[in-house]
Amino acid sequence: STDLFDQATIARIERHFRQLLQSALADPNGFITSQAMLSREEEEELIEQSRGPEFETPAKPFVHRVIAGQAERTPDAVAVRSGASELRYRELIEQSTRLANYLRLRGVVPEQCVGILMDRSVDLVIALLAVLESGAVYLPLDPAYPVDRLRYMLADSGAKVILTQSGQPLIHELASDEVEVVVIDDAAWDTDSEPQS
């Protein structure tokens, strides 16, 4: 139908069909889905076209480093406020560094997942910064999610540590031999860590 296809399109379809037949003859027992329709040159051309232009993106500092820089400039300014609780930058950095060091002592390594099961609070900010400072990545665990979903998320991510707050009702259902629970508003974990970077 010349209304639908121009001559160049038909020629391309014919080339692809010939290539498919040649591929099938070369491997007659292979699946049709694994047969090549494009010649090597066409494939390389398509890959090159799909890359698009290359842009150099400017390097941006990590958020925990930006906050540490602000703490150096204004250590006594309020960094976080939640209800009646507030932390100055100095305190925020000291507490998050202490928790990051504790995570490292517990075997958390860069790019490892750490679950965070908390409500919005000052402790949540400390936990997020500590995970980033330790080099790990955080997995937000919403307390409103069903327990089975949270269990799946933990198993799927491979998280071995969950940071939480005391009084979190789901924590007993999520704790296991494979997952350590750290209650960050409990002073027990704080005895093993140092505030130094």
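The values are calculated or read from the model by the stated rules, or taken from the named source; none is laboratory data. Worth saying up front: this structure is predicted, and the values here are computed from it rather than measured. Ideal geometry is used to build each Cβ from the backbone, glycine not excepted, and the neighbour counts take in all protein chains shown. The area values use the complete protein model at the heavy-atom level, side chains included, leaving out ligands, DNA and RNA. Shrake-Rupley method; radii C 1.70, N 1.55, O 1.52, S 1.80 Å.
Each residue of the stretch 95-109 is assigned a 3J(HN,Hα), and the resulting list reads 5, 5, 5, 4, 5, 4, 5, 5, 4, 5, 4, 7, x, 6, 10 Hz, derived from the Karplus form 6.51 cos²θ - 1.76 cosθ + 1.60 (θ = phi - 60°), x at Gly and Pro.
Taking only protein heavy atoms and a 1.4 Å probe, what accessible area per residue, in Å², does the chain have with all protein chains in place?
Details: 13390 Å² over 197 residues.
With the other protein chains kept in place, the chain gives 68 Å² per residue.
What the Kirkwood sum gives for the chain is a hydrodynamic radius of 21.3 Å, with every pair of different alpha carbons counted. Summary of packing: across the peptides 57-63, 180-186, the per-residue average of other C-beta atoms within 10 Å ranks them, highest first, as 180-186, 57-63. The largest accessible area among TYR152, TYR89, TYR145 belongs to the first residue in TYR152, TYR145, TYR89, and the rest follow in falling order (1.4 Å probe, all chains). Ranked by solvent-accessible area (1.4 Å probe, protein heavy atoms only, all chains present), the residues GLU56, GLU94, GLU72 order from largest to smallest as GLU56, GLU72, GLU94. Each listed q (0.18, 0.20 Å⁻¹) maps to a log10 I(q)/I(0) for the stretch 1-118, found by the Debye formula over equal Cα scatterers with no solvent: -1.11, -1.18. For the residue pair SER82 and GLN22, what label-to-label distance in nm results when each label sits 7 Å from Cα along the Cα-to-beta-carbon direction? Label at SER82, label at GLN22, 6.4 nm between them. Per atom type, the chain shows carbon and sulfur on 53% of its accessible surface, probed at 1.4 Å. For the set ARG98, ARG151, solvent exposure ranked by accessible area (probe 1.4 Å, protein chains only) runs largest to smallest as ARG151, ARG98. Any idea which of GLN49, THR9, LEU150 is furthest toward the positive side of the dipole for the chain, if Lys and Arg beta-carbons carry +1 and Asp and Glu beta-carbons -1? It is LEU150, whose Cα lies furthest towards the positive end.
With charges set only on the Cβ (+1 for Lys and Arg, -1 for Asp and Glu), what does the dipole of the chain come to about its Cα centre, in debye to the nearest 20? Walk me through the numbers on the way to the answer.
Values: 18 positive and 33 negative charges, 57 e Å.
About 280 debye.
Note that the stretch 83-91 has calculated 3J(HN,Hα) couplings of x, 8, 8, 8, 10, 7, 4, 4, 5 Hz, one per residue in order, obtained from phi through the Karplus relation 6.51 cos²θ - 1.76 cosθ + 1.60 (θ = phi - 60°); glycine and proline are x.
Taking 7 Å steps out from each Cα toward its Cβ at SER1 and SER34 produces label points 3.6 nm apart.
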